[in-house]
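Asker: Provided herewith is a single structure, encoded as structure tokens, for subsequent inquiry.
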Amino acid sequence: MATQRVLPQSKESLLQNYNKRLKDDIKSILDNFTEIIKTAKVEDETQVSRATQAEQDHYEMHVRAANIVRAGESLMKLVSDLKQFLILNDFPSVNEAISLRNQQLRTLQEECDKKLISLRDEIAIDLFELEEEYYSSSCGQWDGVELPLCEAFHQQASWGSLATTPDPSHISAEDSEHFGTQESMQRPLSGHGSSTSEQS
């Protein structure tokens, strides 16, 4: 069984004040309601006329009803004060809530880390297979020298631009010199060197 915490003197007196307010407001509601019920009873003829007595009872009911409303509002204010006191002074509960939230966030972080590590491993395996496929194919070769993937991509792009040459009748002198140099660069790719043309 947990031991009861010893509160400081100020907190203890504040709690006693809350308890006194609670008892006073409940007693006020009960007493005023009881008097309203007594006032509703019809009494015998007295020295005071019935009209005067009715007016007096009506006024007393209004006053006692207002007292009941005031006591209810005081109880609502007491509930608000108790909530504020609990939030500001219940440090063990606040620390427990913070610890629980930290544990939930750490668990979420561990799950995210595991998923990221798994994703990293899968991407590394896929990249290794792609590199193996690339370097084992003819796309990664250039005169017996292995090219990086980005350079091979730029070389293939330049080959594609050469394949779509414009109409010879519209080629200027500068363009013809440019295409001439590109054709001389293409010859080693086709496997026909200058020595082969001379022998033929």
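The values are calculated or read from the model by the stated rules, or taken from the named source; none is laboratory data. What you see is a predicted model; the values in this text were computed from it and never measured. No Cβ is skipped: glycine too gets one built from the backbone with ideal geometry, and neighbour counts run over all protein chains shown. For accessibility, only protein heavy atoms count, side chains too; no ligands or nucleic acids. Shrake-Rupley method; radii C 1.70, N 1.55, O 1.52, S 1.80 Å.
Asker: Run down the lysines and flag those whose C-alpha is under 25 Å from the C-alpha of LYS83, throwing out any fewer than 8 positions away in its chain.
Answerer: LYS11, LYS20, LYS23, LYS27
Asker: What does the extension gain come out to for GLU96 and GLN47, with contour length at 0.36 nm per residue minus their alpha carbon separation?
Answerer: Once the chain is fully extended between GLU96 and GLN47, it gains 10.7 nm.
Asker: Could you rank ILE36, ILE125 by how accessible they are, 1.4 Å probe, largest area first?
Answerer: Largest to smallest exposure gives the sequence ILE125, ILE36.
Asker: Based on the mean of other beta carbon atoms within 10 Å per residue, what is the order of 101-109, 56-64, most packed first?
Answerer: The densest-packed peptide leads the list: 56-64, 101-109.
Asker: Let me ask something additional. By the scheme Lys and Arg +1, Asp and Glu -1, what is the net charge of all other residues having a beta-carbon under 12 Å from that of SER74?
Answerer: Spelling it out: positives minus negatives among the neighbours equals +2.
Asker: Net charge near GLN84, counting Lys/Arg +1 and Asp/Glu -1 over other residues with Cβ under 15 Å of its Cβ?
Answerer: +2
Asker: Test of understanding: extend the Cα→C-beta vector of LEU75 to 7 Å, then name every residue of the range 8-43 with backbone N under 17 Å from that spot.
Answerer: 18-37
Asker: Still on this structure: Report the net charge of residues surrounding LEU116, where surrounding means a beta-carbon distance below 15 angstrom and charges are Lys +1, Arg +1, Asp -1, Glu -1.
Answerer: Charge balance in the 15 Å sphere: -2.
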